[in-house]
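The values are calculated or read from the model by the stated rules, or taken from the named source; none is laboratory data. Since the structure is predicted, the reported quantities are computational estimates derived from the model, not experimental observations. Glycine also receives a Cβ, built like all others from the backbone with ideal geometry; neighbour counts cover every protein chain displayed.
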Amino acid sequence: MKITILTTYFSPEITAVTHLLSDLANDFAKFGAEVTVVTSVPTRGIDKDTREEYLSRKDEKISSNLRIIRVGSGKQEVKNFTVRALNYGINSYSLYHAAKKIETDVYLISSTPPFLGFAGAFLSKKSLTVYNLQDVFPDSLISSGKASEGSLLVRILRKFERYVYRKQNHIIAISQDYRRLLLEREVSNSKISIIYNWIDEKKVTEIYRNNNKLIKKYKLEQDKFYVTYCGNIGHTQNLEMVIDTAMELEPILPEIRFILIGDGARKSDIEAYIKNKYVKTVKILPFQPYEDISHVMSLGNVSLVCSKPNVSMSSLPSKTWSIMAAGRPVITSFDLDSELCEIVNNAKSGICVPPDDKEALKNAIIYAYNHQDEMIQLGNNAREYIENNLTREVATQRYFDVLTKVNEKNYERGREQ
């Protein structure tokens, strides 16, 4: 079977999904498929020298059955929303133009940015398409505060959304919440498969504090209680509330320190917010190389997953699995009726508090500080849950099985005709 993966982001970029796509590409090839990845020249989370290096690696044969084609100029993403959206559109067209030249049995299309959904709709005229729904658009636009439900823009985007779903041969969604949303939008249940995101439990493991390279690299005090946030610094994470929480804790529990590791559209805003509030217990670190992910996820005594309210139907933060794989407890400031909180509670792997509730978040952090032995047990539970439920081996095989089934169904339909 010939599989083409269409994605804006791929290794060596550092995003929430690049390791997943890399795992899929490599495992599909290991399963015997002929795999082509069509992606952009990398920009996120890498230095200038790496970007320039990949400008000369636009068509790369990784193995006998794995090829990577990169398009674009490698220019860094801008923060202006309108310009950024325009660039996404142009880049998505370039990816579509490159992908349509590939002879393939099935395209696996990423949903980020949503312009790729349109590319998938047009590619469906050429070959089978399977849409990998990681983010729901325009819901994510609404939850970030950039648009409002009922506006002309959202009404137009809803029509485009339904068109994208209708044109795909199959949709792989990452949660049951997403399935419910798709059913509400008149997608047939037979067209939906649920495969949770995963973590390579062999690559993400616990690193003890005295061996954690970030402690020395960033001159962190080894004996402090660290609350970490790792990931996108964007519009939906509600990090101002985290900083306000740190400010209130600083005079009463100065041993508690907050480390934000990541990048994103609002990083400079968050840096300015910290400076203007004169908060001394919050530090921002840049994205770290993926090979150091165990050090990143093990750094905190507890780690945060936070968002604004009503985000859960359009987002399931898969970084949670990385935190859990490193044996760390999670404090979620997230919709309490979400699938994420259901998993955290059932796994006994952390504490869930309502989003936008600073007092509840502060109390959860104080509780974690005062019950550190209990937090260690929650972290052990978290690691056990990953090993039993969310491993790479199981998830990538399920993706391959879905693509195989879609391809076989099409073959049988062709024979019947």
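Applying the criterion of being within 24 Å of A382 (Cα to Cα) and touching a strand residue (DSSP E or B) at 6+ places or on another chain (Cβ under 8 Å) to the residues of segment 201-220, the residue that is surrounded by the most Cβ atoms within 10 Å (Cβ to Cβ) is L214.
Let's see how each residue does on (1) touching a Gly at 6+ places or on another chain (Cβ under 8 Å); (2) surrounded by fewer than 18 Cβ atoms within 10 Å (Cβ to Cβ); (3) closer than 30 Å to N410 by Cα; (4) outside the structural domain of S124 (by TED's automatic domain parsing):
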| position | (1), (2), (3), (4) |
| --- | --- |
| T18 | no, no, yes, no |
| S40 | yes, no, yes, no |
| Y54 | yes, no, no, no |
| N65 | yes, yes, yes, no |
| S73 | no, yes, no, no |
| I90 | no, yes, no, no |
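Taking the criterion of being under 19 Å from the mean Cα position of the chain (by Cα) and not in a helix (DSSP H, G or I), the residues of segment 82-122 that qualify are L108, I109, S110, S111, T112, P113, P114.
Among the residues making up segment 224-242, those that are among the β-branched types (V, I, T) and either farther than 22 Å from M375 by Cα or in contact with an Asp or Glu (Cβ under 7 Å, 6 or more places away or on another chain) (or both) are I233, T236. Residues in segment 25-77 that are touching a helix residue (DSSP H, G or I) at 6+ places or on another chain (Cβ under 7 Å) and of a type in the set (D, E) were compared, and the one that is nearest to Y107 (Cα to Cα) is D27. Selection over segment 2-12 of residues that are at pLDDT below 95 and among the hydrophobic types (A, V, I, L, M, F, W, C) gives a count of 1. When you check L260 against the structure, is it modelled with pLDDT of 95 or more, assigned by TED's automatic domain parsing to the domain that holds L220 and of a type outside the set (K, R), yes or no? Answer is yes for this residue. Within segment 174-200, take every residue that is of a type in the set (D, E, K, R) and buried (at least 18 other Cβ atoms within 10 Å of the Cβ) and give me the one that is nearest to the chain's Cα centre (by Cα). Once the filter is applied, the top-ranked residue is D200.
Checking each residue of segment 142-151 against the condition of being at pLDDT below 90, farther than 25 Å from A395 by Cα and not in a loop (DSSP other than H, G, I, E, B) gives at least one match.
Closer than 23 Å to T320 by Cα, touching a residue at least 60 places away in the same chain (Cβ under 8 Å) and not assigned by TED's automatic domain parsing to the domain that holds C306 - does that describe any residue in segment 146-157? No: zero hits. Considering every residue within segment 401-409, establish whether at least one is within 30 Å of K191 (Cα to Cα), among the acidic types (D, E) and at pLDDT below 95. Yes, that holds for at least one residue. Name the single residue that is modelled with the highest pLDDT among those in segment 13-30 being closer than 16 Å to D200 by Cβ and part of a loop (DSSP other than H, G, I, E, B). Only one residue fits best here, namely V17. When L123, L108 are screened for being touching a Lys or Arg at 6+ places or on another chain (Cβ under 8 Å), at pLDDT 95 or above and surrounded by 21 or more Cβ atoms within 10 Å (Cβ to Cβ), only L123 passes. Every condition in (1) outside any helix (DSSP H, G or I); (2) modelled with pLDDT of 80 or more holds for E52 except the one numbered (1). Evaluation of Y196 against the conditions (1) within 26 Å of S140 (Cβ to Cβ); (2) in contact (Cβ under 8 Å) with a residue 24 or more places away in the chain; (3) outside any loop (DSSP other than H, G, I, E, B) shows that the sole unmet condition is (3).
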